[in-house]
Amino acid sequence: MINYKQAKKILIKSKIKIKDELINSSKSINRVNVLDIYSTVNYPAGTNAAFDGFAINSKDTNKLNKNNSQNFKILKTISAGDNPRLNKVKKYETAEVMTGALIPKGFDTIIPIEKIIFHSNNKYINISNKIKKNQHIRYAGSDYRKKDLIIKRGTIIQPSHILAFKTLGVIKIKVKKKPNILFFSTGNEISNNKDIVNWKVRNSNSHYIKSLSNNFLFNYIDGGILRDKDEKLFKKQIEKSIKSKIDIIITSGAVSAGKHDFVPSVVKKFNLSNYFKGVLIRPGKPILFAKLKNFEKAIFGLPGNPISSSACFRFFVYPYLLNILGIKSEKPFKAKLKNDYSKNKKIIRFIKASLTSTSDGKLELQALKGQESFRIKSFVEANVWGLFKDGQSKFKKGDLIDCYSPTGPNINIFK
């Protein structure tokens, strides 16, 4: 049986190819861009007002003070979206500008409306002090200049990126297609019925994996339930998927060493370039992975217990998806352990945990009670996975523990 580090190395070298497609940037949420994306324009496009106020030439105020004030003639009011063009601006003239309005040539600073003293029936403003240049002005290209990098390739696109794309005129972008995942639940005990007898189990794993597809990087395809005698059917499904657009097959259950655990024996009938079965982890030790030789297809066999299945999806399937989509591998964030914890020294434990922060902003992690793979109550109460490394059996309060978001890669938050 291999360790987790060895398993991840096999996943990395078992990369399958995912094709690209060109899509509208407004529909790119949670997609992965293939190329670096650059601004097509300067932003702001023109030099504009950051506040409602009056634009003047700062040089006209160099000699002004309380004993030597000056009236400035108001030429016009310019709102956001108005053409700012004026005839040649003379000395001691001003224009009222609204926030976002372009600044006419001849002006280089703005006096906020709150500081304005009007004169002669609001036809003039009176200034009695020197005004600094470049006040309350947003200069063209001060945020983005044309050809500035917006995001690097291999980025999971977030709402903030879409805001930038639409602001900067990025209409079409090239992204990786979403991998198509065909998912099978297994076992005679699995039921889709609402009301079940106590020797049946509701089909929850398929719904959990499907829910993850709503905010992550793959298309979920429900393959249904494989019963205990469906070994031949499963083989046919793999053969069928080889000729289809399916990229990854995932099963839940039937990967251990029981009488009806047919997934490993079926998978091994195919010509494989890479394979592992069983990893020194808990929960999820029986996990299986295979890469079909000469085909861009991969298979994951997840254990059937709900927490084992969810943990293996998080720590095996997620990293695999990141790799095949060209995303850099995620890094854990760390939190101090609040309670002592012990485990088998040889294995890695994926622990359902509660992440909190102290009054001074330090992250703390508590390993929750109920870590067995069938217990979902602690999974509901958890807001993070804690990874307790191998090579160490006892963890003391205050030790730093690697933490992972439960429903998506850490790279969405931590760069």
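The values are calculated or read from the model by the stated rules, or taken from the named source; none is laboratory data. This is a predicted model, so every value here is computed, not measured. Here the Cβ is made from the backbone with ideal geometry for all residues, glycine too, and neighbour counts use every protein chain on show. Calculation scope for accessible area: heavy atoms of the full protein, side chains included, ligands and nucleic acids excluded. Shrake-Rupley method; radii C 1.70, N 1.55, O 1.52, S 1.80 Å.
Set the Förster radius R0 to 35 Å, insert the Cβ-Cβ distance between Glu296 and Ser204 as r into 1/(1 + (r/R0)^6), and round the FRET efficiency to 0.05. Once rounded, the FRET efficiency stands at 0.70. Label positions at Ser213 and Ala45, each projected 7 Å from the Cα along the C-beta direction, are separated by 4.0 nm. Between Ser393 and Asn274, the C-beta separation translates, for a Förster distance of 41 Å, into a calculated FRET efficiency of about 0.85. Annotation for Ile16 and Asp340: the two label points, set 7 Å from Cα along the Cα-Cβ direction, are 4.7 nm apart. Could you state how much accessible area Asp230 has, in square angstrom rounded to the nearest 10, with a 1.4 Å probe and all protein chains kept in place? It works out to around 40 Å². Projecting label points 7 angstrom from Cα along Cα→Cβ for Arg145 and Lys91 puts them 3.5 nm apart. The long axis of helix 4-13 is offset from the longest Cα principal axis of the chain by roughly 70 degrees. By DSSP, what percent of the beta bridges with both residues in the range 276-383 are antiparallel, rounded to the nearest 5? Counting DSSP beta bridges with both partners in the range 276-383, the antiparallel share is about 75 percent. Relative to the Cα centre, the charge distribution of the chain, modelled as +1 at Lys and Arg Cβ and -1 at Asp and Glu Cβ, gives a dipole magnitude of about 1140 debye.
For the pair Gln6 and Val197, a Förster radius of 30 Å applied to the C-beta separation gives a FRET efficiency near 0.10, rounded to the nearest 0.05.
Under the classification rounded if a/c is under 1.5, otherwise prolate if a/b is larger than b/c and oblate if not, where does the chain fall, given a ≥ b ≥ c as square roots of the Cα gyration tensor eigenvalues? In terms of gyration-tensor shape, prolate.
Axis angle, to the nearest 10 degrees, between helix 204-213 and the longest C-alpha principal axis of the chain: 30 degrees. Taking the DSSP beta bridges with both ends in the chain, the antiparallel portion is around 65 percent.
Its Cα gyration tensor gives the range 185-343 an equivalent ellipsoid. The semi-axes, each the square root of 5 times an eigenvalue, are 25, 22, 16 Å from largest down. Among beta bridges identified by DSSP and lying wholly in the range 69-161, the antiparallel ones come to about 65 percent.
So what's the gap between the Cα centers of the range 275-343 and the range 145-196, to the nearest angstrom? Cα centres, the range 275-343 to the range 145-196: 20 Å. A Stokes-Einstein calculation at 25 °C with viscosity 0.890 mPa s, built on the Kirkwood radius of the range 116-212 over Cα pairs, returns a diffusion coefficient of 116 µm²/s.
With angles folded into 0 to 90 degrees, how steeply does helix 231-242 sit against the dominant principal axis of the chain? Use alpha carbons for both and round to 10. For 231-242 against the chain, the angle is about 40 degrees. Per-residue Karplus couplings for the range 94-110, computed as 6.51 cos²θ - 1.76 cosθ + 1.60 with θ equal to phi - 60°, are listed in order as 8, 10, 6, 10, 8, 3, x, 5, 5, 8, x, 4, x, 10, 9, 7, 10 Hz, Gly and Pro entered as x.
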